[in-house]
Each structure stands twice: as C-alpha cells, then as structure tokens.
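So the structure is just underneath, and the comments pick up after that.
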Amino acid sequence: MAALVAAPAAAAQGGVTAPDLSDPCPAVYPGDSASQERLARWMARSAADRGLPRELPVMAAIAESGLRNLRGEDYHGFFGMHESLNAGVYRGFPSRPELQLRWFLDSAAAVRQRRIAEGMPDPAADERDFGLWVADVERPAPQNRSGYQPHLGEARRLIGSRCPAPASADTAPPPLAVRIARRQRPAMGTVQVRLRCPQEGCRVGAVLGVTVRGKLRQSRASAASPADGAWLELTVPVPRAARRLLARGRSVPAVVRAIGVSESARSTTAERRVRLFP
C-alpha cells in the first residue's frame, strides 16, 4: 500500500482504479488493510450519496464484522451477508466490497421506503431509530435487534466531520391515483385498495384506521408499484376490534390513507372515509 501514496486518484493499475489516499472520504474501496477510519469514511460517502445517514452502514459493519472484510463458510464481508446473496447484481460480493456496500444501501433504502409507505415515521428523521433500521436490514435473531444502536457513537467518531452530509432529495413526490369504494363489505376480514403510482421505483401502501371504544386501531399493507404504472390492488387486513363489531352485525366507520413513496423517500398521500359493513 505504501507504493500507492503518490498515485493520482484516477490512476489505474492492472485495470483496477487505484485508491486516492489524499481523499479523506474515498469513493473507491481503500483496501482491506486500510484503517477503520478510512473504511468508515468510504462507507459514509456512499451512504451520503444515496441520501442515507452516514452512520448506518458503519454501525452495521461494526456489529457484524468489527469493520472487517471477513470470509466465512456461509457468511461473508463487512455485513455478514449470506452466501445465498451471491447472485444477480450482487454476484461476486465476497471478493468485491463495493457490492457488499451496495447491498446494504439498497436494502436500507428499501426498508425506509416500505416503512413510509405503511404510514410509519421516516427512520432517517430520528437517530434513535438508526439501530432498528439496521436490524431490519440485517435481520438478526429477535433478542439481538437492540445490538446495533450502541455503535452510533463509535460510527460517528470513526467518520469524523470531514465527510459530506447526506444528499437531499429534490425530486417531487410521486403521483398517486387511488380507487376505494366508500361502502366496503370486508370479505375474509380484509379491505381492497386499488393504487397506481406511475413513477418507476415507487412503492405504494395503505393504512386502514378504525376507532373502537375511543382507541385508534390500524392495519397496514404495502407493495412495489409495477414499473409500467398499472393499477395494483392491496389487501389490507381489518383490525381485530373492528372484525368483532362486524361479526355482531354492526357497521364500522373507517379511514383509508393511501401513500406513494419514491426511491428518494419523497411521499404523497390521499385519504378516503369509508364505512365497513358486515
């Protein structure tokens, strides 16, 4: 690695771009022997370019591998990726750390998109949610889901203050079309919501809310919108408390909130008041 100190950022040796050791937040993987600070800043830069918190991949890598590119029998890399992921766009990931980071950031963006589509808070809005966000990507055993949040401080120390902040999304919210019958007769305890989000990469979701005995009960569903902008039918479960009233022959007022979320986490919503009949 010492021989690379004087190499320019754009230099290539043997067809592989040489890392720019003058860049405090390298765009190119700095190598397995790089310091933890440089590895963390490499991850932070890619996360920021995707509009994601810089600390997110670093927290995951600290917990899963001690911020090392490990090779195991079934699990590999910085994020403990299973061998089954060695396919498609991530084929070759055990020997290509840039694919490992791409997998983590792709998965983190998808988790964020799904949460917002299901009417839950944006996990990027509160640093106290970062650990559970990582857990939704890594999918550890339930008793280990709290093991990522304690690494937030260490991740920030490693990244320091020299990397750029996450890019802001300037795109407009995705267009959203909604069709919901105002009089619903739930079959098998579900409500059907038809949504259309023409924007490619959009995710659509619906939240069904009913108030029973003064308490709001909600159920959620979401799915990726078809790339061709076709209508998508979501099946949203009716909350148990409302199903009990319907079983007694009573109708139940409800609100359906439809949500469309772009890949950059911009969202648009539409609400309809409906009545559920037995």
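The values are calculated or read from the model by the stated rules, or taken from the named source; none is laboratory data. None of the values given here were measured: they were computed from a predicted structure. Backbone-built Cβ (ideal geometry, glycine too); neighbour counts: all protein chains shown.
Out of the residues in region 102-134 meeting the condition of being farther than 25 Å from residue 217 by Cβ and either of a type in the set (Ser, Thr, Tyr) or over 14 Å from the mean Cα position of the chain (by Cα) (or both), tell me which one is surrounded by the most Cβ atoms within 10 Å (Cβ to Cβ).
Checked region 102-134; the qualifying residue surrounded by the most Cβ atoms within 10 Å (Cβ to Cβ) is 107.
Suppose we keep only residues that are under 10 Å from residue 173 (Cβ atoms) and either outside any strand (DSSP E or B) or of a type outside the set (A, V, I, L, M) (or both) within region 249-264. Which one would you say is modelled with the highest pLDDT?
Of everything passing the filter in region 249-264, 260 is modelled with the highest pLDDT.
Just one of (1) more than 17 Å from residue 136 (Cβ to Cβ); (2) assigned to a loop (DSSP other than H, G, I, E, B); (3) touching a Leu at 6+ places or on another chain (Cβ under 8 Å) trips up residue 27, so point out which.
(3)
Give 208, 195, 176 a once-over and let me know the one that is touching a Cys at 6+ places or on another chain (Cβ under 6 Å), closer than 30 Å to residue 251 by Cα and in contact (Cβ under 8 Å) with a residue 40 or more places away in the chain. I'd like the intermediate steps shown before the answer.
Working: 208 fails: touching a Cys at 6+ places or on another chain (Cβ under 6 Å); 195 fails: touching a Cys at 6+ places or on another chain (Cβ under 6 Å).
The match here is 176.
Those residues that are within 13 Å of residue 220 (Cα to Cα) and crowded, with 16+ Cβ neighbours inside 10 Å, I need them from region 190-204; list them, please.
190, 191, 193, 204
I'd like to check something: does region 259-274 contain any residue that is surrounded by 15 or more Cβ atoms within 10 Å (Cβ to Cβ), over 22 Å from the mean Cα position of the chain (by Cα) and of a type in the set (D, E, K, R)?
Yes, region 259-274 has at least one match.
Give the residue that is farthest from residue 78 (Cα to Cα), with candidates limited to residues of region 130-150 that are in a loop (DSSP other than H, G, I, E, B) and not basic (Lys, Arg).
141
Taking region 117-165, which residues are acidic (Asp, Glu) and either in contact (Cβ under 8 Å) with a residue 40 or more places away in the chain or not assigned by TED's automatic domain parsing to the domain that holds residue 38 (or both)?
Once the filter is applied, which keeps residues that are acidic (Asp, Glu) and either in contact (Cβ under 8 Å) with a residue 40 or more places away in the chain or not assigned by TED's automatic domain parsing to the domain that holds residue 38 (or both), region 117-165 yields 118, 122, 127, 138, 154.
Which residues, taken from region 28-54, are touching a residue at least 60 places away in the same chain (Cβ under 8 Å) and of a type in the set (Gly, Ala, Ser)?
40, 44, 47, 48, 51
Could we say that residue 205 is under 28 Å from residue 107 (Cβ atoms) and part of a loop (DSSP other than H, G, I, E, B) here?
Considered against the rule, which asks whether it is under 28 Å from residue 107 (Cβ atoms) and part of a loop (DSSP other than H, G, I, E, B), residue 205 comes out as no.
Quickly run through region 83-101 and pick out the residues that are farther than 17 Å from residue 46 by Cα and either surrounded by 13 or more Cβ atoms within 10 Å (Cβ to Cβ) or among the hydroxyl-bearing types (Ser, Thr, Tyr) (or both).
Matches in region 83-101: 83, 84, 85, 86, 94, 95.
Identify all residues within region 86-129 that are small (Gly, Ala, Ser), in a loop (DSSP other than H, G, I, E, B) and either closer than 26 Å to residue 153 by Cβ or out of contact with any strand residue (DSSP E or B) (no Cβ under 9 Å at 6 or more places or on another chain) (or both); write none if there are none.
Across region 86-129, the qualifying residues are 87, 92.
Restricting the search to region 151-195, which residues are within 30 Å of residue 241 (Cα to Cα) and assigned to a loop (DSSP other than H, G, I, E, B)?
176, 180, 181, 182, 185, 186, 188, 189
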